[in-house]
Structures are given as C-alpha cells and as structure tokens.
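All remarks here apply to the structure that follows.
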Amino acid sequence: IPEHYVGPLLLSWSDRGLSWEEGRTELAVLRRRLHTVTGTASLDGTGALVSAGVVSLMPKGRISVDLAEPGTIPATHVLGPQRIVIATGTTPSLPDLRALSETTWWTPAGLLDRDDLPDSVAVLGAGQLGCETAQGLARLGVTVTLIEEAGQVLPGLPPATVGPVARALERAGV
C-alpha cells in the first residue's frame, strides 16, 4: 500500500467503526486485489496506461518511464501520449537521528504489517502524511504525539488552512 494511502485508510476504518483486526482483514483483501496488478495496467479499455515508476519529460511531447519494479516489462519505455497526468504521491523520509537506531520505528505502510497497534507512538513530521497518520491512529485508540520541526502542522501553508487541521488533530487527541 503506498504511504500516502495509510492515513486515509486508518481514518476510513475509524469512521466505519472497524477495529484494528477488522481493518487488517479488509487490508489483506485489498492487498490480494492489488497484487494482481503489476507495473502497468489498462483502465477498462480507455486506452489509459498506469505506470508506477520514475517519469522524465522529454522533447517533442514524449516521456520516459523507468519502472519501479524491474522485470514486469522492460525497464525503460519512451511514450508519446496525447495527455499526461502525473500523480506524484508522497514518500516518507527518515531524519538523521541517532535515537532511531536505538528504537523500533515504522513508516506508515510498515505500521500496517503489525498484528496489533502500539499503545503510543511519536509521529515525526506534520505534513499531510504525518497529520493523516497521527489522526487515524489516535481515532483507533493510540496515544499519539506529533512532532514537527517547523513548530506547526502543515508547514508552509497559510494559517487559514493550518488552524482547522490543528483543531481537528486536537479533537482526535493528538
């Protein structure tokens, strides 16, 4: 499951009253469905091509796609599509902290591999991924501390956006 889906997935489980165990059962079904999709897939005969990988824009309206999972089809494709949609997603990064080598840590997707929820967690980073993961875990009963170097959630966004998100996190117990 891509990292940027974890927070919304946890919130969905909470919204529907699912326990961690029920959510993980649902996740297992989802993973089996996703497992059947490899590096590319057609979208119901629309002619759209979905590719997970690194895309480079080239001259004359072409793109180069280096697939994330070598072996599914040749590693690099050059395509000349009429329209391009780039969905960048998000990827967590680990800060250079000595304490991380002395403790157990997970990325949001790695957390989904646990059989049970921890009693408490510290979520490092209060961008979209961190906020969604923190709120979802809190709503599932985990004590969550959200840590952000910038001193506010959603760093770089205007206060009008940040305020409602901060209040929602507080209501969830983060």
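The values are calculated or read from the model by the stated rules, or taken from the named source; none is laboratory data. In this text the structure is predicted, and so the values were computed from the model without any measurement. Please note: Cβ atoms are built from the backbone with ideal geometry, for glycine as well, and neighbour counts cover all protein chains shown. The accessibility values were calculated without ligands, DNA or RNA, using every heavy atom of the protein model including side chains. Shrake-Rupley method; radii C 1.70, N 1.55, O 1.52, S 1.80 Å.
Every test in (1) at pLDDT below 80; (2) touching a helix residue (DSSP H, G or I) at 6+ places or on another chain (Cβ under 7 Å); (3) not aromatic (Phe, Trp, Tyr) is passed by Val144 save one, and that test is (1). Would you please name the residue that is farthest from Gly130 (Cα to Cα), looking only at residues in the range 95-111 that are open to solvent by less than 90 Å² (accessible area, probe 1.4 Å) and polar (S, T, N, Q)? Taking the candidates together, the pick is Thr103.
Scanning the range 148-156 for any residue that is within 11 Å of Val174 (Cα to Cα) and either surrounded by fewer than 16 Cβ atoms within 10 Å (Cβ to Cβ) or not small (Gly, Ala, Ser) (or both) turns up nothing. Restricting attention to the range 17-51, the residues that are within 17 Å of Val142 (Cα to Cα) and either at pLDDT below 75 or open to solvent by 70 Å² or more (accessible area, probe 1.4 Å) (or both) total 2. Considered as a group, the residues in the range 133-147 that are without any contact (Cβ under 8 Å) to a residue 40 or more places away in the chain and among the small types (Gly, Ala, Ser) include one that is least open to solvent (accessible area, probe 1.4 Å), and that residue is Ala138.
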